[in-house]
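The values are calculated or read from the model by the stated rules, or taken from the named source; none is laboratory data. These numbers were taken from a predicted model, which means no experiment stands behind them. No Cβ is skipped: glycine too gets one built from the backbone with ideal geometry, and neighbour counts run over all protein chains shown.
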Amino acid sequence: MAELTVEMTYGKALFQAAADVNKSEIILEEALEMLEIFQANPDLGEFIKTPIISAAEKKQVIETIFSGRISAELLNLIYILVDKRRAGAFESIVRQYKKLMDESHGFSIGTIYSVNPLSKEQLETFEEKTGKLIRKNVKLENKTSSSIIGGVRIFIEGKVIDATIRKRLNDLRESLG
C-alpha cells in the first residue's frame, strides 16, 4: 500500500507541476522515453536504485545523461526520488502520471483481463462497448490471467464487468441448484 501512496503522491505532484508550466504532454513523452532508456539499459536503472551509491554520485550521472534532454520538472523529480531513495518507484509514478493525463482528457481508465493478449481491434471494441455502458470515454489496459478459462473481466471505476466462462458456469450452477 505504501507504493500506491508514493506513486499517487509523486505522480500527482509531477502532473500539477507540468500543468503549471503547460508541459503536460512533453513531460509524459520524456518520462516514457526515460523508461525506455532504463529498460534498454538495466544497469543504469539498478545504478539509480541501489542504496550503496551516494545520492550525489547518482545525481551527477543523471545530470550528465539527461540534463538538457528533459524538462527541469522531470529532472527535479528524479533528483527528489534519488534523495528520498524512491527511484525504484519511477515506473509506477509515470503510470500514475499517464493515468492522470488520460483522466484530464475525459477518459476513464480500467483493466481488462483475458486468457491471451487481446488484439488492438479487440481492445478498441471492448473500450467502445464499456464506454457505452458507463457513458464515458474508456481506455483499457489488457492483462492476461491464467485464472480465466475464457471471456474477459473488466475493472473500471470500482466496478467489475465479469463476462468470463467461469462466471457463466457459476450462474448456471446457481440457477439449477
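Whenever a residue of segment 86-108 is in the same structural domain as residue 6 (by TED's automatic domain parsing), it has no partner that is among the acidic types (Asp, Glu) and part of a strand (DSSP E or B) lying with C-beta atoms less than 7 angstrom away and at least six residues away or across chains.
Considering 48, 93, the condition of being in contact with an Asp or Glu (Cβ under 7 Å, 6 or more places away or on another chain) and surrounded by 17 or more Cβ atoms within 10 Å (Cβ to Cβ) is satisfied by 93 alone. If you go through segment 115-173 and pick out every residue that is over 22 Å from residue 95 (Cβ atoms) and part of a loop (DSSP other than H, G, I, E, B), you end up with 9. Within segment 68-80, none of the residues are closer than 30 Å to residue 153 by Cα and surrounded by fewer than 17 Cβ atoms within 10 Å (Cβ to Cβ).
Table: residues versus (1) at pLDDT 90 or above; (2) of a type in the set (Gly, Ala, Ser).
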residue: 63; (1), (2): yes, no
residue: 67; (1), (2): no, yes
residue: 73; (1), (2): yes, no
residue: 79; (1), (2): yes, no
residue: 83; (1), (2): yes, no
residue: 103; (1), (2): no, no
residue: 108; (1), (2): no, yes
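When the criteria are applied in full, residue 114 meets the requirement of being within 16 Å of residue 127 (Cβ to Cβ) and either buried (at least 21 other Cβ atoms within 10 Å of the Cβ) or modelled with pLDDT of 90 or more (or both).
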